[in-house]
Amino acid sequence: MPIVLNEKEQITNRLKRLEGQVRGLQRMVDEERSCQDVLTLLSGIRSALNATADVILEHYLESCQTDFSAGQADVKELVRAVKLARG
């Protein structure tokens with residue numbers, strides 16, 4: 001099942017914010033900002049990426065729920081998806 005418009009918009013907005021944060025991180029490195037500041041932003045970026053992965057994984061699980069109820073889903077595929085989302 002493809003991602004619906006509202007979810008797609010939500011994911012796109014998250015990714016655009018992340019893009020801006022990564023640019024900010026690059027700028028901080030270029031400006032030789034403190035390691036603490038760089039690591040703080042990097043931690044925030046990592047958290048935002050994980051949150052975005054959670055949204056996508058949630059959609060995946062919802063779309064596959066019917067297959068699981070019917071006994072037609074592959075549990076190994078589900079485990080692979082969770083591992084991919086968690087990095």
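Observations
- Pairs where the first residue, in the range 35-63, is acidic (Asp, Glu) and the second is assigned to a helix (DSSP H, G or I) and surrounded by 14 or more Cβ atoms within 10 Å (Cβ to Cβ), C-beta under 9 Å, 6+ apart: Asp37/Met28; Asp54/Ala85; Glu58/Glu7
- Near pairs, Cβ below 9 angstrom, 6+ apart or cross-chain, from the range 12-28 (more than 14 Å from Gly44 (Cβ to Cβ)) to any residue that is of a type in the set (Ser, Thr, Tyr): Leu15/Thr52
- Meets criteria (out of contact with any Pro (no Cβ under 7 Å at 6 or more places or on another chain), part of a helix (DSSP H, G or I) and either over 27 Å from Asn13 (Cβ atoms) or at pLDDT below 85 (or both)) for Leu61: yes
The values are calculated or read from the model by the stated rules, or taken from the named source; none is laboratory data. Note that this is a predicted model, so its numbers are computed, not measured. All Cβ positions, glycine included, derive from the backbone under ideal geometry; neighbour counts span all protein chains shown.
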